[in-house]
Amino acid sequence: MMKNFFDLKFTVVAVKNEHCVDFTIYEIDGHSLNPEVVFWHKKNSDVHPDHVKTLDEADIFLHGSIKWDGCSNWYFDEQDKAMLHGCTRDDLVRFGEIMARCWDWNLEITREGTYK
């Protein structure tokens with residue numbers, strides 16, 4: 001499952017597993033005139049902008065998992081390249097908010113069916 005959170009500038013891919021839902025989060029770098037056509041930053045590229053149109057080619061911003069009981073673990077892949085960067089307070093809030101939105105989405109996903 002994939003969901004764009006345009007207000008936070010993130011795309012999230014969720015995969016339900018036996019005891020948890022795994023989330024992979026990509027930062028949206030932009031979009032075309034058609035907002036459904038999203039661009040992300042190219043994996044391992046130091047050039048900006050360097051847009052790609054597929055998630056297979058895109059940098060992962062962070063990933064994590066949320067268990068059936070609500071416990072979660074997160075890893076900021078972005079920090080493997082550089083420090084997390086925010087120009088404003090809102091940038092810092094959106095880092096936390098995307099994890100919270102995944103937590104909420106986890107409830108929707110798991111409500112659709114029980115874990116195996």
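Taking only region 67-82 into account, find how many residues are farther than 19 Å from E27 by Cβ, within 14 Å of the chain's Cα centre (by Cα) and modelled with pLDDT under 95.
So the answer is 0.
In region 40-65, the residue that is nearest to G30 (Cα to Cα) out of those that are of a type in the set (A, V, I, L, M, F, W, C) and crowded, with 16+ Cβ neighbours inside 10 Å is W40. Here the condition is being more than 21 Å from V15 (Cα to Cα), touching a residue at least 12 places away in the same chain (Cβ under 8 Å) and within 17 Å of the chain's Cα centre (by Cα); of G64, G30, G86, it holds for G30 alone.
In the set (1) charged (D, E, K, R); (2) exposed (fewer than 10 other Cβ atoms within 10 Å of the Cβ); (3) within 15 Å of M1 (Cα to Cα), D80 fails one condition alone, (3). Could you name every one of the strands (runs of 3 or more DSSP E) located completely within region 5-49 that has at least 2 residues being at pLDDT below 95 and out of contact with any Ser or Thr (no Cβ under 9 Å at 6 or more places or on another chain)? Fully inside region 5-49 and qualifying: 20-31. When D69 is tested against (1) crowded, with 16+ Cβ neighbours inside 10 Å; (2) in a loop (DSSP other than H, G, I, E, B); (3) of a type in the set (D, E), just one condition goes unmet, and that condition is (1). Based on what the data block shows, is I109 touching a residue at least 60 places away in the same chain (Cβ under 8 Å), over 12 Å from I25 (Cβ atoms), touching a strand residue (DSSP E or B) at 6+ places or on another chain (Cβ under 6 Å) and not polar (S, T, N, Q)? Spelling it out, I109 is indeed touching a residue at least 60 places away in the same chain (Cβ under 8 Å), over 12 Å from I25 (Cβ atoms), touching a strand residue (DSSP E or B) at 6+ places or on another chain (Cβ under 6 Å) and not polar (S, T, N, Q).
The values are calculated or read from the model by the stated rules, or taken from the named source; none is laboratory data. Please read all numbers here as calculations on a predicted model, not as lab measurements. Counting neighbours? That spans all protein chains shown, and the Cβs are built from the backbone with ideal geometry, glycine included.
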